[in-house]
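Below you'll find the structure, written out as C-alpha cells, and then a few comments.
The values are calculated or read from the model by the stated rules, or taken from the named source; none is laboratory data. As the structure is a computational prediction, the values presented were derived from the model and not from experiment. So basically every Cβ, Gly included, is an ideal-geometry build from the backbone, and we count neighbours across all protein chains shown.
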Amino acid sequence: MKIFAILPAALFAASPVLAGPYANVENNAGFSGSNFNGHVTDFHLGYESGNDVASYYVQAGPSIFAPDGGEEETKLTGKLGGSVQATERLSVYGEVAATFDDVNDYGTKLGVKYSF
C-alpha cells in the first residue's frame with residue numbers, strides 16, 4: 001500500500017514525458033478451448049500523464065458486451081492505472097477496471113516488468 005502513498009509525489013517529481021487526452025478502442029474476446037464465449041469492445045476517452053519515474057492514466061466510456069449467442073448490452077466502464085519505474089530495468093504497474101451497472105463489477109491487474 002505504501003507505493004500508492006508515494007505515487008502522486010513521484011508523478012510530479014520530474015519533468016513530464018507524456019501527457020494529454022486520448023481515445024482508446026479495445027476488443028477483448030473470450031474462449032474456452034476452441035469454443036468462443038463472446039467479446040467486449042470498449043470505446044473510451046482518457047487522459048494520461050507522467051514523467052521519467054511514473055505515469056498514470058484514467059479512461060472511461062461505453063462498452064458493448066456481446067456474449068456468444070446472447071443479446072448485446074452497452075454498459076459504462078472505466079479504467080485507472082499507472083506504473084512506477086523501480087530501477088532502470090524494472091517497473092511496477094497496476095490497473096483497476098470497473099463496469100457500472102445494477103451490480104458494479106471490478107477487476108484489478110498488478111505486475112512487474114523486467115526489460116533486458
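Condition first: surrounded by 15 or more Cβ atoms within 10 Å (Cβ to Cβ), within 17 Å of Val25 (Cα to Cα) and without any contact (Cβ under 8 Å) to a residue 24 or more places away in the chain. Can you find one or more residues in region 74-92 that meet it?
Scanning region 74-92, I find no residue that is surrounded by 15 or more Cβ atoms within 10 Å (Cβ to Cβ), within 17 Å of Val25 (Cα to Cα) and without any contact (Cβ under 8 Å) to a residue 24 or more places away in the chain, so the answer is no.
In region 75-116, which residues are hydroxyl-bearing (Ser, Thr, Tyr) and closer than 19 Å to Gln59 by Cβ?
Step one: of region 75-116, the residues hydroxyl-bearing (Ser, Thr, Tyr) are 77, 83, 87, 91, 93, 99, 106, 108, 114-115.
Passing the criteria: Thr77, Ser83, Tyr93, Thr99, Tyr106, Thr108.
Determine whether Ser63 is at pLDDT below 95 and of a type in the set (S, T, N, Q).
Numbers: at pLDDT below 95: no; of a type in the set (S, T, N, Q): yes.
Here the answer is no, as Ser63 does not meet what is asked.
If you scan region 1-52, which residues turn out to be outside any strand (DSSP E or B), modelled with pLDDT of 55 or more and not polar (S, T, N, Q)? Reasoning before the result, please.
Filtering region 1-52 for residues outside any strand (DSSP E or B) gives 1-15, 33-34, 52.
From what is left, the residues that are modelled with pLDDT of 55 or more are 33-34, 52.
Gly33, Asp52, listed by residue number.
Quick one: what pairs do we get from region 49-65, first residue among the charged types (D, E, K, R), second part of a strand (DSSP E or B), C-beta under 8 Å, 6+ apart or different chains?
Asp52/Val17; Asp52/Gln85
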